[in-house]
Amino acid sequence: MRDCYKILGVSRTATAAEIRRAYHKKAKLLHPDITHADSHAFRELVEAYETLSDIKSRALFDESSAFHYHWERTHVAHEWDYREWLLAREDDESRAKLILFDLTHNREDTAVSEFKRMNMSSTNFRLSYWFTREDFMDYGFILAEELVIRREFYDAVILLEQIIRMEYSYRYFKLFFPEVLSLARHILRNDIEGKMNDELAIDAWERALDLRLGKKDDVFFLQKMADAYERMGDERTAKICRDESLRLAS
């Protein structure tokens, strides 16, 4: 019986975020379209990921292969509580590392809450400053997904904007980048209007215009901006947006 954890290179107590990140990293090494590697190894990787990324199939796999999570969790000695140490510190680096720690240790709610708290309390707080580019892009995308689940759409847009700009400057996600763009596009088209005040909505759509999502998307964003400016009583700016959307559409 194949060991899905071994194939992905993760521990048997790995979180969903860790499994996803491991899959992305290995897929870039094994994908036949990139490396011309053995397609069997790639299919095996995909099957392992599909097994462990689904809660029910993972539970069945764990049961059939007799992996004992409880034993692993209760027999590892913890002489020093890293999370408690981070919690006691208020500097930006410690808080950023706390967000990442919680995100990867089944504390997604607290990771999102801390991320929002730091964004509101510190104008200079940037999660990307404290991690490698790759770690930030991987875990930043996972955090963006968690923000969307909790309907924190504006914060998700800001985070995805940073990730998309990084990808444009240096390709990292490669085959998985469409997934990033798809999430950003879905939020901007479906989760902005009516979910926040018009000022924030306009800011989100303005940011979107610089992300090269496509002409149809840009037309959509400009039309929505025009609608928002009209609601705010700024007819002049609304007309500018409307005219630009018509120019692009023609």
(message) Against the conditions (1) at pLDDT 75 or above; (2) more than 22 Å from LEU100 (Cα to Cα); (3) surrounded by fewer than 19 Cβ atoms within 10 Å (Cβ to Cβ); (4) not β-branched (Val, Ile, Thr), where does LYS25 fall short? Just the number, please.
(response) (2)
(request) Among the helices (runs of 4 or more DSSP H) lying completely within the stretch 123-223, list those that include at least 1 residues that are among the acidic types (Asp, Glu) and farther than 27 Å from GLU18 by Cα. (result) 198-209
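Okay, residues lined up against (1) closer than 18 Å to ALA156 by Cα; (2) surrounded by fewer than 15 Cβ atoms within 10 Å (Cβ to Cβ):
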site: ALA208; (1), (2): yes, no
site: LEU211; (1), (2): yes, no
site: LYS216; (1), (2): no, yes
site: GLU230; (1), (2): no, no
site: LYS239; (1), (2): no, yes
site: ASP243; (1), (2): no, yes
(message) If a residue must be part of a helix (DSSP H, G or I), open to solvent by less than 40 Å² (accessible area, probe 1.4 Å) and under 10 Å from ILE142 (Cβ atoms), how many such residues does the stretch 6-19 contain?
(response) 1
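The values are calculated or read from the model by the stated rules, or taken from the named source; none is laboratory data. Bear in mind the structure is a predicted one, so any value in this text is a computation, not a measurement. Cβ coordinates were reconstructed from backbone atoms using ideal geometry, including for glycine residues, and neighbour counts include every protein chain displayed. To get the accessible areas, we keep the full protein, side chains included, count just its heavy atoms, and leave off ligands, DNA and RNA. Shrake-Rupley method; radii C 1.70, N 1.55, O 1.52, S 1.80 Å.
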